[in-house]
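Visitor: Please find one structure pasted underneath; my questions will follow.
The values are calculated or read from the model by the stated rules, or taken from the named source; none is laboratory data. All of these numbers come straight from a predicted model, not from anything done at the bench. Virtual Cβ from ideal backbone geometry, glycine too; neighbours counted across all protein chains shown.
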């Protein structure tokens, strides 16, 4: 086994609960629209919002704009549509400020790993500024190497393309055999790095990929990131502070 030199992490549903947070933030946005005068039940509006997200993807920037276009005009008669949209956006971002936090064990694990010789980095899917905002709000920059952040839309290569992982290894000047990837989605986060010979760790949080199966098996499967510490000590002989 080659000496491990780098650990690269996915962000969404790996270091924090994307699924839980997104649902809370969207619900708060919808409730604010209703408070400001939208004449519908929040549950009904939320169902329509879920359809918008399914059709336009979670990375689309104008979910609430599209939502309002789909609702009957009489539901917001007498209210400026821009007020409803702005209110929803504000509520969404205020939820970020209050609720966007890493899983409880993540800061301590990253703190311990940052005291080793390992390069700690990120490989994540999404828009550059949006993913960078998550990294900052989650407090990850205290532990992550600034030169080891790889965001798909910034590079022009998305998961599950193995070239994304190859680019990261090449830029860090390491062989894939010297790298580990930690993620939650088997087809995206296990199969491609396995193909390159990277070590893979599947985090089985209760996210949207919790029941998804890949073509290959991860080297390790964990339920909490804290389990990674013992794996690194026992299987990779990494000296980690107690």
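Visitor: Which of the residues belonging to the range 20-35 are surrounded by fewer than 16 Cβ atoms within 10 Å (Cβ to Cβ) and farther than 18 Å from residue 60 by Cα?
Guide: 20, 35
Visitor: Same structure again: From 4, 38, 8, which residue is surrounded by 13 or more Cβ atoms within 10 Å (Cβ to Cβ), assigned to a loop (DSSP other than H, G, I, E, B) and in contact with a strand residue (DSSP E or B) (Cβ under 7 Å, 6 or more places away or on another chain)?
Guide: 4
Here's the yes/no breakdown for (1) more than 21 Å from residue 17 (Cβ to Cβ); (2) assigned to a loop (DSSP other than H, G, I, E, B):
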position: 192; (1), (2): yes, no
position: 208; (1), (2): no, yes
position: 228; (1), (2): no, no
position: 234; (1), (2): yes, no
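Visitor: The conditions are (1) within 30 Å of residue 232 (Cα to Cα); (2) under 23 Å from the mean Cα position of the chain (by Cα); (3) at pLDDT 95 or above, and residue 4 fails exactly one of them. Which is it?
Guide: If we test residue 4 against (1) within 30 Å of residue 232 (Cα to Cα); (2) under 23 Å from the mean Cα position of the chain (by Cα); (3) at pLDDT 95 or above, just (2) comes out false.
Visitor: Filter the range 11-35 for residues that are part of a helix (DSSP H, G or I), touching a helix residue (DSSP H, G or I) at 6+ places or on another chain (Cβ under 8 Å) and closer than 30 Å to residue 182 by Cα and give the result.
Guide: 21, 24, 25, 26, 27
Visitor: Restricting attention to the range 134-167, and to residues there that are surrounded by 15 or more Cβ atoms within 10 Å (Cβ to Cβ) and free of Cβ contacts under 8 Å to residues at least 24 places away in the same chain, which single residue is nearest to residue 182 (Cα to Cα)?
Guide: 167
Visitor: Considering the range 118-161 alone, what residues qualify as being part of a loop (DSSP other than H, G, I, E, B), more than 15 Å from residue 16 (Cα to Cα) and at pLDDT 95 or above?
Guide: Of everything in the range 118-161, those that are part of a loop (DSSP other than H, G, I, E, B), more than 15 Å from residue 16 (Cα to Cα) and at pLDDT 95 or above turn out to be 118, 143, 144, 145, 156, 157, 158, 159, 160, 161.
Visitor: Hey, does the range 210-224 have a residue that's part of a loop (DSSP other than H, G, I, E, B), touching a residue at least 60 places away in the same chain (Cβ under 8 Å) and within 15 Å of the chain's Cα centre (by Cα)?
Guide: Among the residues of the range 210-224, not one is part of a loop (DSSP other than H, G, I, E, B), touching a residue at least 60 places away in the same chain (Cβ under 8 Å) and within 15 Å of the chain's Cα centre (by Cα), which makes the answer no.
Visitor: Residue check, residue 59 against (1) over 20 Å from the mean Cα position of the chain (by Cα); (2) not assigned by TED's automatic domain parsing to the domain that holds residue 191; (3) not in a helix (DSSP H, G or I), all met but one. Which one?
Guide: The failed condition is (1).
Visitor: Restrict the check to the range 88-97 and report whether at least one residue is assigned by TED's automatic domain parsing to the domain that holds residue 170, in contact with a helix residue (DSSP H, G or I) (Cβ under 8 Å, 6 or more places away or on another chain), crowded, with 20+ Cβ neighbours inside 10 Å and at pLDDT 95 or above.
Guide: No: the range 88-97 contains no residue that is assigned by TED's automatic domain parsing to the domain that holds residue 170, in contact with a helix residue (DSSP H, G or I) (Cβ under 8 Å, 6 or more places away or on another chain), crowded, with 20+ Cβ neighbours inside 10 Å and at pLDDT 95 or above.
Visitor: Of the conditions (1) over 17 Å from residue 12 (Cβ atoms); (2) within 18 Å of the chain's Cα centre (by Cα); (3) modelled with pLDDT under 95, residue 204 satisfies every one except a single condition; which number is it?
Guide: (1)
Visitor: Shifting gears a bit: Answer yes or no as to whether residue 217 is under 26 Å from residue 60 (Cα atoms) and either assigned by TED's automatic domain parsing to the domain that holds residue 111 or crowded, with 19+ Cβ neighbours inside 10 Å (or both).
Guide: no
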